[in-house]
Amino acid sequence: MSHRFATVWRKEVFLAYALLLPSLIFLAAFTYWPILRSFWFSLHDVALGDPRIFWLGAENYLRLLDDGLFWKVLGNTAFYTLTTIPLSIIVALLLAVAMDSKLRGMAIYRSAFFYPVMIPSVAAGMVWVFLYAPGYGPINEALNFLGLPRLDWLYDSKWALPAIILMSIWKYSGYFMLILLAALKLVPSDLYEAARLDGVGPVSRLLHITVPLISPTLYFVIVIGLLHSYQIFDYVYVMTQGGPADSTNVLTFYIYQNGFQYQDIGYASTIANTLLVFVLGLIGLVALTLGRRVHYMGER
């Protein structure tokens with residue numbers, strides 16, 4: 001009997017690995033190998049298109065510490081992250097609560113708010129370039145109608161990064177809304193009814209019932225938002241090219257500049273590895289802080 005059990009167990013293990021093998025090969029070829037290759041390049045002087053490489057050791061990392069532009073770019077990326085994620089989640093949560101009703105035609109509104117997510121990033125960037133146009137853009141026309149001064153959104157170093165942040169919130173709040181809306185469907189409705197009978201207002205119900213019960217989903221959304229915020233590239237490339245005066249230059253675009261414009265693959269790999277470590281550390285910090293405040297239904 002034990003021999004038969006061992007045979008069946010080996011067959012199941014073999015089948016499991018056979019089913020996982022395509023995914024493991026894909027991960028190894030397109031994730032783990034590029035990471036290892038990038039680390040190897042960061043220790044060398046590598047020029048784009050030149051097969052020769054020269055050992056530098058930690059010189060690229062020491063160069064990074066003295067690179068003033070890198071620290072500015074890191075600051076831009078941190079500001080983008082710390083602004084975009086909270087605002088996007090707040091907007092998404094409010095939209096999800098508003099959409100979580102049984103009114104007729106609500107499906108149309110849900111589709112309308114989710115529609116920006118389906119627009120290709122480059123196309124969305126071009127649309128917002130038109131919206132931000134200094135002379136004829138609809139946003140400046142609206143400001144003029146309200147008696148407010150027109151702004152050179154993408155050509156003013158004070159407003160260029162906030163303009164991209166505003167566009168990012170519009171683009172991804174619908175995605176977060178859809179995830180949070182699914183979580184709201186799992187919250188027992190009798191909790192809201194009991195709170196209403198006790199005279200609890202809508203804001204208190206949101207903060208003390210809704211948010212704690214969907215905290216696992218909120219935690220997931222925060223992690224997804226962090227990963228996305230450090231991958232921003234297409235909006236910067238299409239809308240500002242990192243300008244004006246590097247006010248919208250972010251880490252991914254700075255990697256592109258060093259790797260493909262300046263053809264310094266070694267230094268670009270160094271920045272990419274630094275970005276990887278920074279993101280992993282930030283996610284670890286979120287897990288140690290917010291992760292401990294997550295409330296799962298059924299826990300006591």
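The figures follow:
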{"item": "FRET efficiency for Lys185 and Ser23, using Cβ-Cβ distance with R0 set to 45 Å, rounded to 0.05", "result": "0.90"}
{"item": "In order through the range 185-193: 3J(HN,Hα) via Karplus (6.51 cos²θ - 1.76 cosθ + 1.60), integer Hz, x for Gly, Pro", "result": "5, 8, 7, x, 5, 5, 5, 5, 5"}
{"item": "Carbon/sulfur fraction of accessible area - the range 128-198, other protein chains in place, 1.4 Å, %", "result": "66"}
{"item": "Cα-based reach from Lys72 at 21 Å (exclusive), listing lysines while leaving out same-chain residues under 8 positions away", "result": "Lys158"}
{"item": "Whether the chain is rounded, prolate or oblate, judged on the alpha carbon gyration tensor where a/c under 1.5 counts as rounded", "result": "oblate"}
{"item": "Accessible-area value, His208, 1.4 Å probe, nucleic acids and ligands omitted, Å²", "result": "140"}
{"item": "Prolate/oblate/rounded call for the range 222-278, Cα gyration tensor, a/c under 1.5 rounded", "result": "oblate"}
{"item": "Virtual spin-label span in nm between Phe260 and Leu65, 7 Å along Cα→Cβ", "result": "3.2"}
{"item": "For the range 86-98, Karplus couplings with θ = phi - 60° (6.51, -1.76, 1.60), whole Hz, Gly/Pro x", "result": "x, 5, 4, 5, 4, 4, 5, 5, 5, 5, 4, 5, 5"}
{"item": "Label zone at Arg150, where the point sits 7 Å out along the Cα-to-Cβ direction: the range 112-141 residues whose backbone N lies under 15 Å", "result": "130-141"}
{"item": "Residue-span extension gain [Val122 to Leu48] - 0.36 nm each, minus C-alpha spacing", "result": "24.1 nm"}
{"item": "In sequence order, calculated HN-Hα J values of the range 213-227 (Karplus, 6.51, -1.76, 1.60; Hz; x Gly/Pro)", "result": "6, 9, 4, x, 6, 4, 4, 4, 5, 4, 5, 4, x, 4, 4"}
{"item": "Near-label residues of the range 160-194 by backbone N, under 12 Å of a point 7 Å along Cα→Cβ of Met106", "result": "181-182, 184-186"}
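The values are calculated or read from the model by the stated rules, or taken from the named source; none is laboratory data. Quick caveat: nothing in here was measured; it's all calculated off a predicted structure. Quick reminder, even Gly has a Cβ in these numbers, built from the backbone with ideal geometry, and neighbours come from all protein chains shown. Side chains included, ligands, DNA and RNA excluded: accessible areas come from the protein's heavy atoms. Shrake-Rupley method; radii C 1.70, N 1.55, O 1.52, S 1.80 Å.
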